[in-house]
Amino acid sequence: MCDGDVADGGRWTMVGVSSRTKFEVTDLEANKFFSFRVAALGRIGEGPASEIVTAKAGLALRTCSEPPILLQSNRPGVAFPRR
């Protein structure tokens, strides 16, 4: 994880190791951007780092039990089926 500007040589810090495809980083400062990358670690060592992704901490994703009834697009030719 990098909490500085990656382009300006921000410092990378390892935040955890997991054998799963999902990992949750906790205790991040809210409303601050963080950059992440992952690398595989195996018997022969560490693989190359992934592409860098940046996310803002403190934003929760919400799910809805019902999809929206009205969908619109500002692109011509895009149509949505009616329910």
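Overview of results
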{"read-out": "Complete set of residues in the range 30-56 that are charged (D, E, K, R) and touching an Asp or Glu at 6+ places or on another chain (Cβ under 8 Å)", "value": "LYS32, ARG37"}
{"read-out": "Which listed residue is of a type in the set (Asp, Glu), surrounded by 10 or more Cβ atoms within 10 Å (Cβ to Cβ) and either free of Cβ contacts under 8 Å to residues at least 40 places away in the same chain or in contact with a Phe, Trp or Tyr (Cβ under 9 Å, 6 or more places away or on another chain) (or both), from ASP5, ASP27", "value": "ASP5"}
{"read-out": "Output for the range 30-48, where each listed residue is in contact with a Phe, Trp or Tyr (Cβ under 9 Å, 6 or more places away or on another chain) and either in a strand (DSSP E or B) or small (Gly, Ala, Ser) (or both)", "value": "SER35"}
{"read-out": "Search result, residues across the range 6-16 that are modelled with pLDDT under 85, in a loop (DSSP other than H, G, I, E, B) and either of a type in the set (Val, Ile, Thr) or within 16 Å of LYS56 (Cβ to Cβ) (or both)", "value": "GLY10"}
{"read-out": "Given (1) without any contact (Cβ under 8 Å) to a residue 12 or more places away in the chain; (2) open to solvent by less than 100 Å² (accessible area, probe 1.4 Å); (3) not aliphatic (A, V, I, L, M), number of the condition SER50 does not satisfy", "value": "(1)"}
{"read-out": "Members of the range 30-47 found to be surrounded by 10 or more Cβ atoms within 10 Å (Cβ to Cβ) and touching a strand residue (DSSP E or B) at 6+ places or on another chain (Cβ under 8 Å), listed by number", "value": "LYS32, PHE33, PHE34, SER35, PHE36, ARG37, ALA39, ALA40, GLY47"}
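The values are calculated or read from the model by the stated rules, or taken from the named source; none is laboratory data. Because the structure is predicted, anything quoted here is derived from the model rather than measured. Virtual Cβ from ideal backbone geometry, glycine too; neighbours counted across all protein chains shown. Ligands, DNA and RNA are stripped out before the accessible areas are found, and what is left, the full protein with its side chains, is counted by its heavy atoms. Shrake-Rupley method; radii C 1.70, N 1.55, O 1.52, S 1.80 Å.
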